[in-house]
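One structure below.
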Amino acid sequence: MMVNHDVTDRMENIPDEKFTIIGIDKDAEAPTRPRVGYWRDAWRRLKENKVAFAALIILLILVFFIIFGPAISGYEFEQIDADAINKGPSAEHWFGTDDLGRDLFARVWQAGRVSIIIGILGAVIASVVGSIYGGIAAYFGGAVDDIMMRIVEVLLSIPYLIIVILISVITDSKSLGTMLVALTLTGWCGIARLVRGQMLQLKSQEYVLAANALGVAPIKIILKHMIPNTIGMIIVAITFDIPGYIFSEAFLSYVGLGIQPPSTSWGALASAAQQNFMFYPYQLMFPALMIALTMLSFTLLGDGLRDALDPKLRK
Amino acid sequence: MEKILEVENLNVSFNTYAGEVKAVRGVSFELSRGETLAFVGESGCGKTVTAKSILRLLKPPFAVIKPESKIVCNGKDVLKMNKKELCEFRGDEVGMIFQDPMTSLNPTMTVGKQIMESLMIHKKLDKKAAREEAIKMLKLVNIPSPEKRIDNYPHEMSGGMRQRVMIAIALACNPNVLIADEPTTALDVTIQAQIMDLMMELKTEMNTAIILVTHDLGVVANFADRIQVMYAGEVVERGTTKEIFNESKHPYTWALLRSVPRLGSESKEELYALGGTPPDLLLPLNHCPFADRCEYCMPICKERKPPETVLSDTHKVSCWLMHEKAPKVESFYDRRDK
Amino acid sequence: MKKKLVAALLVAAMALSLTACGGGGKGSSGGGGGADAQQYNTYLATEPSTLDTIKGNDMYGWEINKNTLEPLTRLVEKDGKQEREGAGAESWEPNEDGTVWTFKLRDNKWSDGQAVTAADYAYGITRTLDPDAGSPNSFFTAPFIKNGQKVVNGEVGVEELGVKAVDDKTLEITLEAPTPYFMSITDTRACYPVRQDIAEKYGETYGSELESLIFNGPFKVDSWTHNSEITLVKNDQYWDKDNVKLDKVNFAIVTDSNARYNSFESGALDTSSVGEQEWVDRFDKKEGVERVDTHQPAMRFDFFNVNDELFKNLNIRKAFTLAVDREDMAKTIYQDLHVPAYWWVPQAISTGENGEYRDQVPGPLEKMAKEEDPKELLLKGMEELGLGSDPSTINVKYSLSATTQWARNYGEYVQQKYKEILGVNIELDFNEWSTFQQKTNGGEYQMANMVWTTDYDDPMSMISLFTTENAGNIPTNWSNEKFDELIAQASREMDETKRVELYGQAEQVLFEEGCNICPLVNERKISFHYDYVKNLNERETSTSGLKYVYIEKK
Amino acid sequence: MAKFIVKRIGYMLVTLFIVVTATFFLMHSIPGDPLAHMARNLPEQTRENYYEKYGLDKSTSEQYLIFMKNLVTKGDLGESLRYPGREVTDTLLTNASVSAQPGGLALLAGIAIGILLGIVAALNKNRWPDYIVMFIAILGITVPVFVLASVLQYFLSVKLMVLPTTGWGSWQNVVLPVIVLSFGTIATYARYVKSNMLDVMGQDYILTAEAKGVSKLNVVKKHVLKNAFLPCMTLLVGQVSGIFTGSFVVEKIFGIPGLGFYYINSINDRDYTMIIGTTVFAAALFVFVQLVVDIAYSIMDPRIRVK
């Protein structure tokens, strides 16, 4: 039997006034920890996750260099120097130079701008479009859903390269914008499916049924109730998609459909260096390392975010 | 009566990112063969954790049963069992039913196989024998045409039927103890009664002791022999069903009782709603956990933990109101009832 | 030797190892080791589109054709000089005015045992010019053989063509006019023998699969795995089989140049041409390999659309042409693998007895580059066009025929250099080959970059590309009467020295009055082979194939 | 079930029809001369004959009708423009069977290893085997394929000379491509299986099984694996069709005459018939695999079993 002996022993010493009923102290603040909102809680969880947090730090460092790196290097990224061709890393050229004598430190960070922008914008655009599409399909269901999902199926069956080539030909450019359009044109399909699945579940939830019964406009229900409740999942999907876009761009660069010079990207740098990597391994190493670091960081961050944003894990 | 289960000073903690949550704090109780003991309390009071601890179903390293705890079932120390012994113990000595029959059955396995699994492990039956036994069990839990139903998948059954299947699984090996964790919460009201009746029927038939975990005092009143009222991981009052319903001494028990609607009551009084929230179990708790929500709170309540006062062999309560210096108060529950 | 180069090869580099041979089989014992050792492993950079000599026009199919079929003649290297030797034809002679050529054929057999007849050659030549056959090779013979052009244009039937099988062993070809360099087209694909019965039996699929092929050359195709490998084995029916040493030749189809170098490095390939300085250095250090450097009759150049608002001005074209620092380009871009080019007719093209043309005529641009300042020319041109005097207002679209990494690098270099030297802005336009063709042929370009390899071994092959009649080849839309006249004169001039003089004048006019092309570099090929491979010749103009190659392992 | 399949096949045909039609018109709207691989100065008459032969002289919609007629009535996809005399269908089958070898092996190996690693990681969550597996898995997807392929080729073929650099025909030729191709698959499956397993292991029915006294091994074997693998099947759809159209880089670097390689080249060559043929093939494969997976899924998952 559990008895607090310590208390019993000293029972007699308790003064009488301790036994007047005071009832519930309405004003007393319960000594609880501060109530934390969803996002602050998520942020706290993320910080707890050392791996994910480290990934975030690496990403911030990368972003710092991507913004300031080209300036730090002291070279213009497109400046050709016939006397400094294929020089290894040195005090003058920290990452060495490429086959036209251009400073790789400047180029790697300049390229990072394109790669990261393609990654982030691509994933965001695809997610927004996909979420809305998936949301609409799930919300209306029935024939609308059927038709919309069939369209997705058709889009997914059309080879992606044809679309990329077509876009670059129609717009007659291989600019960043073109690349983004080309990459996201079918890229949203995956997210649309994901969101639809999630939304179909949400749709049967009481609060959505309630909103429906109250006659709230469908678009409002999608925007106000369904999207916010899938936002965590969407953020995670974006995080996982970003490296995917960076990779796709690298593939397109390899095939020769990448970003147009003088712009460059990590993929373009890596595929340029691939031919001669046994002679100038550093030329391949730096861009490949950046791709790998970015991929790694986003993936680990995505894992962390998934854990942090999952309400099921919130206790 | 033969003691079938003894739990002493059970302490369970959860390791969370914010720190250690002491979910169960020094819970002790005993269970005799054929007896029904109910754990009552609101969500998060530790009743389910206590129940799961008996089968060691909590997942380390997240949840830890503290070493000072002791669980003895049928003479065996549960906390000292190795993996193999534990597997033999689970399902054979103690069976368990969970709250939500919709999610508690493997969706990709026929119900028959799920019942047979237990039989094959503990009774070492071959497939054929296990199947026959499983059909028997289904018949026992009143499932019509069990020979056909045995090959059904869970999704082909209604909630009530699934819960019957859960009971069949839990009782398949005729365990000494059946732990039913909110067995009726997820079911329709009409089905609830059927399930409870079934459990009681089987209990008598098999002489199984039952631990009934619930927040529904209505269910408890009709089926439990004894009741343990739990609050914030501690047992605040315990007694026979009669003692708790008629002579309860703890303000929390009163609050619980007042929140149950009662047929035949003349009173127009509204149902009582308990204000506030339970204490944060992350924080150290050196006083009465209920103090902040208690209408009869005294300064001492916020300073020290109340000792357990023994009112009878069966009735015990942990409350400063039992102290000789404390004013005598009457239960508002009783007041209303008179 | 004549060959139309598909210019999309900017990067694939010169992928083929073209081989020729010296004295015609000095190795009496037929090489070193036993029969097994007589195997030569080489490569093709791309799958041949077909092995039909009529439809095929890429260098890859040509490489196989040369070794498996017997042309009328072959150009082989003997004692360091190239010499035309009888192959399918035992002897040949023109009539007095040089318009009728009679070929006496050897006794040779097809791989199915049938005798090779004059009709087989006549069919091949005729069929190439028949518009129904859709041959891309008709340009070789159409201007020379009597009624050739008319047949191609569908104006007269094939029976009007000046080609006749007099008997089984005699082939008679009648020309439109005396042609001093006619013999140099007798080993092009347009003059290969084709078995009419086989070609008709297989119809459209003739040449597309091994089953539809028949051979009468030193080797026959033994297996053909598309996009992977073509193997040849020695042809026992071949008339000169005693002089053929190799028993087996493997052509691996390797599209990735790094993979090719790696294969050579590991010994899986016996030879490889090399397009990067790093690899050249590496293989230079490798033991047991020989390096062969050859000037190629091929030019890398830019060309201007003379109808363009900007490039209609001669001074602007000259400015852009002279602004190129060819030495720097050769060093930076080509790592000195190719030679700075101040001319249009490339090195390695000979005029006949007198040897190489470039040894006789200096490059016209050399002098111009010394005398004129590109920036001044640009400003002058801008003034003439009323474009003001700020070069940075000039934007030029520069079209490239590839989308590869190499092309990108190259484009960036050009972009930078024009900015630096002329101060103009270059916009790069990368195209796949098919799009490039459509754009340039349609005149939808300003300036563009391409490669051209000579069709046959005479300056005419290159210089005549800019006559009004041939303007479609490099679509600059430039036309000049004086130039046309000089070319017309040269084409009839039987005296070599006088002809060379006319060529020189025409080339001068081309740059002084046209400047519609901007030559950049003259290609050079560096290739390596293991030293146990003997008698290998890398000369682009040779047509002896692998006939005299042998293996001699120590 | 039969009705379900018929309905799905119906959908499949509609999807295919749309894909083929869309690709046909898209392709024809891309500029580029399909005869560009020929010498540029093809004589006028010859050119006309060529266009006539391939029907390129007709309007795109007319060409489309002819193409569809041949496809539907004869299953004929036409003749390659780039490689005269070669039937597109023959080429497709030959190349697909080549691609299928390294691709299929890589997929099998990748799935097997990936699943194994995923299981190991899930069962050891937050312990060192989990970290190691996830590190490998992530590493596998952080390096672009062309980098991985050329690095491996250099070290194994050139430096150590244990494997041939390029070529096709012997088993040694398949080793490197399989390694390179399987990296991504391993990573994908390891991660996916791990997260599914963790998901399933958190389900109530796992608790039920444990409460029954099922040993940990049997819980994983009988209750976790099947439920965790089912969703993985949907991944197969993309990956099977990826075998044929997604392995361009590897096929190019290792000189494998497969479909991926052909496909990219045909796009560059504007070989209309070949592009459309490949597209039809890829799309048909995609929808077909999807159908198969759906059917398999419905057989294996009783919840969506259709009667």
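The values are calculated or read from the model by the stated rules, or taken from the named source; none is laboratory data. Note that this is a predicted model, so its numbers are computed, not measured. All Cβ positions, glycine included, derive from the backbone under ideal geometry; neighbour counts span all protein chains shown.
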I'm trying to understand the selection: among the residues of the stretch B:49-76, which are among the aliphatic types (A, V, I, L, M), in a helix (DSSP H, G or I) and farther than 26 Å from D:ASN126 by Cβ? B:ALA51, B:ILE54
Which residues, counting only those in the stretch C:391-414, are in a helix (DSSP H, G or I), away from every other protein chain (no Cβ under 11 Å) and of a type in the set (Gly, Ala, Ser)? C:SER392
Could you tell me whether the stretch D:207-222 includes any residue that is buried (at least 22 other Cβ atoms within 10 Å of the Cβ), of a type in the set (S, T, N, Q) and within 14 Å of chain C (Cβ to nearest Cβ)? no
So if I check each of D:PHE261, D:PHE288, D:PHE244, which one is more than 12 Å from chain C (Cβ to nearest Cβ), modelled with pLDDT under 80 and either surrounded by fewer than 21 Cβ atoms within 10 Å (Cβ to Cβ) or closer than 16 Å to D:VAL98 by Cβ (or both)? D:PHE244
When you go through C:GLU469, C:GLU427 one by one, which is the residue that is charged (D, E, K, R) and either assigned to a helix (DSSP H, G or I) or in contact (Cβ under 8 Å) with a residue 24 or more places away in the chain (or both)? C:GLU427
When only residues in the stretch C:260-284 that are closer than 18 Å to A:ASN86 by Cα and either among the polar types (S, T, N, Q) or more than 23 Å from the chain's Cα centre (by Cα) (or both) count, which is surrounded by the most Cβ atoms within 10 Å (Cβ to Cβ)? C:TRP279
What about C:VAL156, is it out of contact with any strand residue (DSSP E or B) (no Cβ under 6 Å at 6 or more places or on another chain), within 14 Å of chain D (Cβ to nearest Cβ) and part of a loop (DSSP other than H, G, I, E, B)? yes
Matching entry among B:GLU88, B:GLU133 (being assigned to a helix (DSSP H, G or I), touching a residue at least 24 places away in the same chain (Cβ under 8 Å) and touching a Leu at 6+ places or on another chain (Cβ under 7 Å)): B:GLU133
Could you please find all residues in the stretch C:65-88 being assigned to a loop (DSSP other than H, G, I, E, B) and either more than 18 Å from C:ALA122 (Cα to Cα) or hydrophobic (A, V, I, L, M, F, W, C) (or both)? C:LEU69, C:LEU72, C:ASP79, C:GLY80, C:ALA87
Return a yes/no flag: does the stretch D:142-157 have any residue that is facing another protein chain (nearest Cβ under 7 Å), in a loop (DSSP other than H, G, I, E, B) and more than 28 Å from the chain's Cα centre (by Cα). no
In this structure, is C:ASP112 in contact (Cβ under 8 Å) with a residue 60 or more places away in the chain and closer than 20 Å to C:LEU51 by Cα? yes
Away from chain D (no Cβ under 14 Å) and either part of a loop (DSSP other than H, G, I, E, B) or without any contact (Cβ under 8 Å) to a residue 24 or more places away in the chain (or both), is that true of C:LEU232? no
Going residue by residue through the stretch B:219-233, is there one that turns out to be surrounded by fewer than 18 Cβ atoms within 10 Å (Cβ to Cβ), polar (S, T, N, Q) and not in a helix (DSSP H, G or I)? no
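So if I check each of B:VAL213, B:VAL235, which one is closer than 22 Å to B:THR309 by Cβ and at pLDDT 85 or above?
B:VAL235 is the lone residue from the list that is closer than 22 Å to B:THR309 by Cβ and at pLDDT 85 or above.
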Of everything in the stretch C:472-504, what is in a loop (DSSP other than H, G, I, E, B) and within 25 Å of C:PRO94 (Cα to Cα)? Give them in sequence order. C:GLU493, C:MET494, C:ASP495
If I filter the stretch B:77-85 for residues that are outside any helix (DSSP H, G or I), away from chain D (no Cβ under 14 Å) and closer than 30 Å to B:GLU205 by Cα, do I get at least one hit? yes
Which count do you get for residues in the stretch A:275-315 that are within 30 Å of A:ASP103 (Cβ to Cβ) and at pLDDT below 80? 4
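Conditions (1) within 15 Å of the chain's Cα centre (by Cα); (2) among the acidic types (Asp, Glu); (3) over 26 Å from B:TYR252 (Cβ atoms), marked per residue:
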residue	(1), (2), (3)
B:LYS3	no, no, yes
B:GLU8	no, yes, no
B:SER13	no, no, no
B:VAL21	no, no, no
B:LEU37	yes, no, no
B:ARG56	yes, no, yes
B:PRO60	no, no, yes
Residues of the stretch D:194-204 being under 19 Å from D:CYS232 (Cβ atoms) and within 11 Å of chain B (Cβ to nearest Cβ), which ones? D:VAL200, D:MET201, D:GLY202, D:GLN203
Is it the case that B:VAL177 is buried (at least 20 other Cβ atoms within 10 Å of the Cβ), at pLDDT below 85 and under 16 Å from the mean Cα position of the chain (by Cα)? no
What about C:ALA165, is it within 10 Å of chain D (Cβ to nearest Cβ), surrounded by fewer than 24 Cβ atoms within 10 Å (Cβ to Cβ), out of contact with any Cys (no Cβ under 6 Å at 6 or more places or on another chain) and hydrophobic (A, V, I, L, M, F, W, C)? no
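Within the bounds of the stretch C:450-460, is there any residue that is buried (at least 18 other Cβ atoms within 10 Å of the Cβ), over 19 Å from the mean Cα position of the chain (by Cα) and in a helix (DSSP H, G or I)?
Within the stretch C:450-460, the subset buried (at least 18 other Cβ atoms within 10 Å of the Cβ) is C:450-460.
Still in the running and over 19 Å from the mean Cα position of the chain (by Cα): none.
No, the stretch C:450-460 has no match at all.
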When D:SER170 is run through (1) in contact with a helix residue (DSSP H, G or I) (Cβ under 6 Å, 6 or more places away or on another chain); (2) of a type in the set (S, T, N, Q); (3) away from chain B (no Cβ under 14 Å), the failure sits at (1)
Among the numbered criteria (1) modelled with pLDDT under 85; (2) in contact with a Pro (Cβ under 9 Å, 6 or more places away or on another chain), which one does A:GLY142 miss? (2)
Does C:VAL424 satisfy the criteria of being among the β-branched types (Val, Ile, Thr) and at pLDDT 90 or above? yes
Quick one: which helices (runs of 4 or more DSSP H) lie wholly within the stretch D:1-114 and hold at least 1 residues that are surrounded by fewer than 20 Cβ atoms within 10 Å (Cβ to Cβ) and within 14 Å of another protein chain (Cβ to nearest Cβ)? D:2-29, D:44-53
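Every residue, every condition in (1) in a helix (DSSP H, G or I); (2) within 12 Å of another protein chain (Cβ to nearest Cβ), yes or no:
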| site | (1), (2) |
| --- | --- |
| B:SER104 | no, yes |
| B:GLY112 | yes, no |
| B:LYS128 | yes, no |
| B:VAL165 | yes, yes |
| B:THR184 | no, no |
| B:MET200 | yes, no |
Whichever residue in the stretch B:1-60 is among the aromatic types (Phe, Trp, Tyr) and surrounded by fewer than 23 Cβ atoms within 10 Å (Cβ to Cβ) and, among such residues, is farthest from the other protein chains (Cβ to nearest Cβ): B:PHE29
